[in-house]
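**Q** Input: one structure, supplied below.
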Amino acid sequence: MTRHINILLCDTFPGRLPAFIPNYESLFMDLFASIGEQVTYGIFQTWQGELPSSLNSDELYLVPGSLDSAYDDKPWIVALLHWIEKAYVHGAKMMGVCFGHQAIARALGGEVRPYDGGFGAGVRTSRVLDEQMKAYFPQQEMRLLYSHHDQVMKLPQDAVLCATSDFCKNESFRIGRQVITFQGHPEFTVAYSRHLLTNCCDDVDLAIRTAALQSLDTLMPQGPEAARFALDLLSD
């Protein structure tokens, strides 16, 4: 069965992608291919105001990362938040990653703000709480790659917390079988995270960068497992 995924690009990360990554959306394409999914894609330049004009219950709408913040009121972000509200009421299946996790939370009544505990980077382990999610993470822990300042501080009213950590309380949440989000990046690779930490994080404290780089050598991220859980959850 071929699945159609609409990627609502919220950034193209100019100057931050290494030569071995042709574009940001290719990370998701490689991720879903790695778990054996046959996927067709719709790509929307949402950061330029482009959004799907129609909603299809058989398709998945993916809101990925961005260097902007979900609590900003830039016109394209406001438009995206309104679109998420509309899509949710319509019953559209949505997946959020990092900025997308935060944007979906804000659009549906949650709260997002900068985290005063510092920058999250490298591989982080969270505790899996959701019973359905535990089937994909038998150790009841999920390891993902991270790169974020902001966090979801309050979940939407109908959301169920799927995973949590000491650094980030709301690592992942879902709403029924319609919405699933992750603060981490299932689509990131270790090589890309190493590139970011080495070349694009001069404003991050050296101790945080050093610890994050060490985590890349000692912990195996579970992006494919997170992707498999998300797609199976949203398949019905």
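The values are calculated or read from the model by the stated rules, or taken from the named source; none is laboratory data. Computed from a predicted structure; not experimentally measured. All Cβ positions, glycine included, derive from the backbone under ideal geometry; neighbour counts span all protein chains shown.
**Q** Give me the residue from the range 61-75 that is in contact (Cβ under 8 Å) with a residue 40 or more places away in the chain and surrounded by fewer than 22 Cβ atoms within 10 Å (Cβ to Cβ) and, out of that set, nearest to L196 (Cα to Cα).
**A** The selected residue is L67.
**Q** Looking at A226, A159, can you tell me which residue is farther than 29 Å from L17 by Cα and small (G, A, S)? If you could, list the steps in order and put the result at the bottom.
**A** On the way: A226 fails: farther than 29 Å from L17 by Cα.
Of A226, A159, the one residue that is farther than 29 Å from L17 by Cα and small (G, A, S) is A159.
**Q** It is to be established whether one or more residues within the range 161-178 are within 17 Å of A226 (Cα to Cα), aliphatic (A, V, I, L, M) and surrounded by fewer than 24 Cβ atoms within 10 Å (Cβ to Cβ).
**A** yes
One line per residue, one yes/no per condition, for (1) modelled with pLDDT of 95 or more; (2) assigned to a loop (DSSP other than H, G, I, E, B); (3) within 16 Å of the chain's Cα centre (by Cα); (4) more than 26 Å from Y115 (Cα to Cα):
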site	(1), (2), (3), (4)
V39	yes, no, no, yes
G42	yes, no, no, yes
L51	yes, yes, no, yes
G65	yes, yes, yes, no
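**Q** Related question: Which pairs do you get when a residue that is of a type in the set (D, E), found in the range 172-195, comes within reach of a residue that is not in a strand (DSSP E or B), reach meaning Cβ atoms under 7 angstrom, with the pair 6+ apart or on two chains?
**A** Listed by first residue and then by second, the contacts come to E187/L27; E187/F28; E187/L31; E187/G223.
**Q** Which one is surrounded by the fewest Cβ atoms within 10 Å (Cβ to Cβ), of the residues in the range 117-148 that are of a type outside the set (A, V, I, L, M, F, W, C) and within 18 Å of L67 (Cα to Cα)?
**A** Going through the range 117-148, the residues of a type outside the set (A, V, I, L, M, F, W, C) turn out to be 117-118, 120, 122, 124-127, 130-132, 134, 136, 138-141, 143, 146-148.
Filter again for within 18 Å of L67 (Cα to Cα), leaving 118, 120, 122, 146-148.
On the way: G118: 12, G120: 22, G122: 25, Y146: 26, S147: 22, H148: 20.
The residue in question is G118.
**Q** Out of the range 180-205, which residues are within 12 Å of the chain's Cα centre (by Cα) and over 14 Å from L144 (Cα atoms)?
**A** Matches in the range 180-205: I180 only.
**Q** Moving on to the next point. Can you work out which of the residues in the range 1-37 that are β-branched (V, I, T) and assigned to a strand (DSSP E or B) is farthest from F188 (Cα to Cα)?
**A** Only one residue fits best here, namely T2.
**Q** Within the range 1-16, how many residues are without any contact (Cβ under 8 Å) to a residue 60 or more places away in the chain, hydrophobic (A, V, I, L, M, F, W, C) and surrounded by 18 or more Cβ atoms within 10 Å (Cβ to Cβ)?
**A** 3
**Q** Based on what the data block shows, is Q151 among the polar types (S, T, N, Q) and either over 25 Å from Q38 (Cα atoms) or crowded, with 17+ Cβ neighbours inside 10 Å (or both)?
**A** So Q151 passes the test.
**Q** Taking only pairs six or more apart or across chains, which ones have beta-carbon atoms under 6 Å, a first residue in the range 107-130 that is free of Cβ contacts under 8 Å to residues at least 12 places away in the same chain and closer than 20 Å to A211 by Cα, and a second residue that is hydroxyl-bearing (S, T, Y) and in a strand (DSSP E or B)?
**A** Every condition considered, no pair remains.
**Q** Which residues, counting only those in the range 206-236, are more than 16 Å from the chain's Cα centre (by Cα), assigned to a loop (DSSP other than H, G, I, E, B) and surrounded by 12 or more Cβ atoms within 10 Å (Cβ to Cβ)?
**A** Scanning the range 206-236 gives a single hit, L219.
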